[in-house]
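Have a look at the structure below, then the notes.
Each reported figure results from applying straightforward, stated rules to the coordinates on display, with no laboratory input. Given the structure is predicted, the values throughout are model-derived calculations rather than measurements. Positions of Cβ are backbone-derived with ideal geometry, glycine not excepted, and every protein chain shown enters the neighbour counts.
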Amino acid sequence: MRREMMDKETLKDNIELVQHLKNLPMLQFFGKEDLKKILNFSKVKKYKAGDMIIEEGGSDKWVYFLISGKVKVMKLGEEIDVLQRTGDLFGEMCIIDGGSRSASICANEDVVCLAMDVSFADNLVADDQIAFSAIFYQIVAEVLARRLRETSEELVQEQVMKNILSNRLKEVNEELIRAKEEITRLKK
């Protein structure tokens, strides 16, 4: 019951929070009027540690901006990432490709999100729909580009570590071969 009450809290009733949201990098693209329209189709959602926010395989039209707290991203029950930056976006993949939720999102600690029902864009007039889509996909493109860059950096670091370990393994193998040869020589 308490959670339902929190889910129904609208952003336009919380001026301080709206001011905070205007400063989120992802929402700075929107003008005042556009932001008002978006906020009419958004909710502040609060979750306790352990609460499931998104369930892998599910389907809906909600995207989430992290306002505070940490969430873990899980695929097939395994943690694959943690989001903790104010403004981090999640839930966007199924909006892009129309598929089901590709991962689960679980609150690691108390979390506050701006949840946006992007299906509202279907009811906008043509020009507003185009403008919203352009801005929304610009935001998503920036998020995906950042994630791709971070993943690429992680892959490079893993490759460097793999090369270091491979070289060290070769050195150890060569030392073992020399030790074996020495043992064989001493036995003669």
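Quick notes
- Annotation note: trypsin sites (Lys or Arg not before Pro) in the stretch 50-85 located in DSSP loop regions with a Cβ neighbour count of at most 11 within 10 Å are 85.
- Extension gain, residue 127 back to residue 175 (0.36 nm per residue minus Cα-Cα distance, nm): 10.2 nm
- Estimated distance in nm for a label pair at residue 157 and residue 134, the labels positioned 7 Å out from Cα along Cα-to-Cβ: 3.8
- The stretch 154-177 and the stretch 87-104: distance between their alpha carbon centers, rounded to Å: 37
- 17 Å reach of a label modelled at residue 68, 7 Å along Cα-to-Cβ, counting backbone N of the stretch 35-58: 44-50
- Estimated FRET transfer efficiency when R0 is 35 angstrom, pair residue 120-residue 146 (beta carbons, to 0.05): 0.85
- Maximal additional length on extending the residue 59-residue 75 stretch stands at 4.2 nm, based on 0.36 nm per residue less the C-alpha distance.
- Label sites at residue 168 and residue 85, each approximated as a point 7 angstrom past Cα along Cα to Cβ, lie 3.1 nm apart.
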